[in-house]
Structures are given as C-alpha cells and as structure tokens.
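The values are calculated or read from the model by the stated rules, or taken from the named source; none is laboratory data. Everything quoted here is computed from the prediction, not taken from an experiment. All Cβ positions, glycine included, derive from the backbone under ideal geometry; neighbour counts span all protein chains shown.
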Amino acid sequence: YLMGYLSKKDNTIERLHEQKMVIMGQMAASMAHEVRNPLSSIEGFLKLIKEDPVLSLEKRDEYIRIVLQETKQINRIVTQFLQFSRKGHQEQHIFKDESLNQLLQEVQDLVEPRTIDDNIMFTIHFPLEEIMMHVQKEEVKQVLLNILQNAFEALANQDRRAVEVEAYRCRVNGKDTVEIVVSDNGPGIPEEYMARVFEPFYSTKTSGTGIGLALCKELVTNNNGDIQVVSSSSGTKFFIRLPMLETGIKIGEEI
C-alpha cells in the first residue's frame, strides 16, 4: 500500500512539473512575441541614424527619443511578465484621459521605418476633431502595434502592399464610442481559422506563437472595449471599439 501511495505521489509531482514547464515555455514564447515589436522599431530607427548621411540633428534627436521610449516599453513588458509569474503582484490598471490623435501619431512614428523598409503604403486617417478616451494608453498602443505587425507580415508575398488605419466617433448602444479600423490587402485569414484567431497559443503561422491576438483581446477587454475581425481573400479588417469620455466630463475628471 505504501509503495503504491509513493508511486502515485511521484507520478503526481512529475505531472505537475511537466505542466509547470509547459506554462513556462508558453510564457517565454509570449514574452518573445511582445518584445519583438519594440525591437523591430529600435532596429529600424538605428538603421536610419546609421545609413542616412544627411540626417538632420533634429531628426536624429527624434529617432533617439523613440529608441529610448521603446527600450522602456521592453522593460515594461518584461516587468509585466515577471509580475504575472508571481501571482498576486500584477500591475495595477491605471486609466487616464488620453488623446486618440496623439496615440495614433505615436503609433505612426513607431511603425514608419518598417513601412519604408518593406515598401508598404501605410495611411492613418486622423479624426478631424479632438477625441478623448479614458483608457490605459500603453495597452491600447500595444494592441494597435500587434495588429499592425500581423498586417505587415501578411503582406510579405503581395505585389501591392497597403495598410490603412481609420478612427472615428460612433454611437453604440446609445453611447459615444471610438472605433479604430485596421485594414490590409493581404490574402486574408482562412475561414476555418476565423473562430479561433483570439485563442491563446493558436496561430496560423508556422513561426507564430499564438499570443499576439489573444493578448489584444485581453487588453481591449481590460479597457472596457471590444475587438472583432472580418476577413476575405482580398484582405482583413480589425474593428476595435473603446469608450469615449462622456459628454460634459472635463479632461482629467474621474469617471
């Protein structure tokens, strides 16, 4: 009886160890995926600094500022994963009043080197009005960067490469809402994969980790929003909806 009990206990410990190793592997793959975006941006701006002999001092300072900003982003991502690994110490969600136009401008600045290198026609249609959101800015920016990264990768074999971002105010269930639409002219997502695109660790790419879109879904939900996708053989569109500041609420005022 004792030998059977010890054998069963050993099997349980071994199974728990295997499960722990699987989770650690998934977390490592997830972190690698999230760090790739800022690393790509850093590489792009450093190449511009190195290869442009007539780069103005103003542009050089701007590129260095963005590189430093992206190194901070990498540090934030690593810190979040470390905190996630120590349950009970997750980063507190802090919502602030943020400008949609400013957020889109920062995203444009970050992806511009990639679009130039890959010959991608990249267009952001900025709202004509100032739109304020009550969100966690870095999380929303991470969502857009993840989706754009996927869009750029989807265009690798296209002769004409185009990605557009539209952002505007709309009414959803009687409430003012921000809708951000990211579209590309890639080959699209096969219909049989559509139902699972937001599942963790599920990817249609041989080199994908299946983390990016799952994290997008989680981050958008954290910001009281919604994300959907439609796709066909002529391209893919992601629709991100986030709450606007309600009418009559001043910037900086708590909701």
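Looking only at the range 152-187, residues that are outside any loop (DSSP other than H, G, I, E, B) and within 19 Å of E112 (Cα to Cα) come to 14 in all.
Is it the case that I120 is over 27 Å from P243 (Cα atoms), outside the structural domain of A214 (by TED's automatic domain parsing) and modelled with pLDDT of 90 or more? So I120 does not fit the description; no.
Yes or no: the range 57-73 includes at least one residue that is at pLDDT below 75 and not assigned by TED's automatic domain parsing to the domain that holds V111.
If we filter the range 57-73 for residues that are at pLDDT below 75, which is where we start, we get none.
Looking through the range 57-73, none of the residues is at pLDDT below 75 and not assigned by TED's automatic domain parsing to the domain that holds V111.
Based on what the data block shows, is V163 closer than 18 Å to V220 by Cα, of a type in the set (V, I, T) and buried (at least 17 other Cβ atoms within 10 Å of the Cβ)?
On the way: closer than 18 Å to V220 by Cα: no; of a type in the set (V, I, T): yes; buried (at least 17 other Cβ atoms within 10 Å of the Cβ): yes.
Taking the combined requirement at face value, the residue does not satisfy it.
Does the range 86-96 contain at least one residue that is within 27 Å of R241 (Cα to Cα), modelled with pLDDT of 85 or more and either out of contact with any Asp or Glu (no Cβ under 7 Å at 6 or more places or on another chain) or not in a helix (DSSP H, G or I) (or both)?
Of the range 86-96, the ones within 27 Å of R241 (Cα to Cα) are 90-96.
Among the residues that remain, those that are also modelled with pLDDT of 85 or more are: 95-96.
Next cut, either out of contact with any Asp or Glu (no Cβ under 7 Å at 6 or more places or on another chain) or not in a helix (DSSP H, G or I) (or both) only: 95-96.
So far as the range 86-96 goes, yes, one or more of its residues are within 27 Å of R241 (Cα to Cα), modelled with pLDDT of 85 or more and either out of contact with any Asp or Glu (no Cβ under 7 Å at 6 or more places or on another chain) or not in a helix (DSSP H, G or I) (or both).
Taking the conditions (1) modelled with pLDDT under 85; (2) more than 30 Å from A28 (Cβ to Cβ) in turn, Y202 satisfies each one other than (2).
Looking at the range 123-143, which of the residues that are of a type in the set (S, T, N, Q) and outside any strand (DSSP E or B) is modelled with the highest pLDDT?
Residues of the range 123-143 that are of a type in the set (S, T, N, Q), as a first pass: 123, 136, 142.
Of the ones still in play, those that are also outside any strand (DSSP E or B) are 136, 142.
Working: Q136: 89, Q142: 86.
Going through the qualifying residues, I end up with Q136.
Among residues of the range 138-154 that are not assigned by TED's automatic domain parsing to the domain that holds E166 and aliphatic (A, V, I, L, M), none has a beta-carbon under 7 Å from a residue that is part of a helix (DSSP H, G or I) and surrounded by fewer than 22 Cβ atoms within 10 Å (Cβ to Cβ) at least six positions away or on a different chain.
Any residue at all in the range 206-225 that's modelled with pLDDT of 90 or more, surrounded by 12 or more Cβ atoms within 10 Å (Cβ to Cβ) and touching a helix residue (DSSP H, G or I) at 6+ places or on another chain (Cβ under 7 Å)? The answer is yes, given that some residue of the range 206-225 is modelled with pLDDT of 90 or more, surrounded by 12 or more Cβ atoms within 10 Å (Cβ to Cβ) and touching a helix residue (DSSP H, G or I) at 6+ places or on another chain (Cβ under 7 Å). Annotation note: Cβ proximity below 9 Å between a residue of the range 47-62 that is farther than 21 Å from E106 by Cα and a residue that is part of a helix (DSSP H, G or I) and not aromatic (F, W, Y) (sequence gap 6+ or interchain) occurs for D52/K59; D52/R60.
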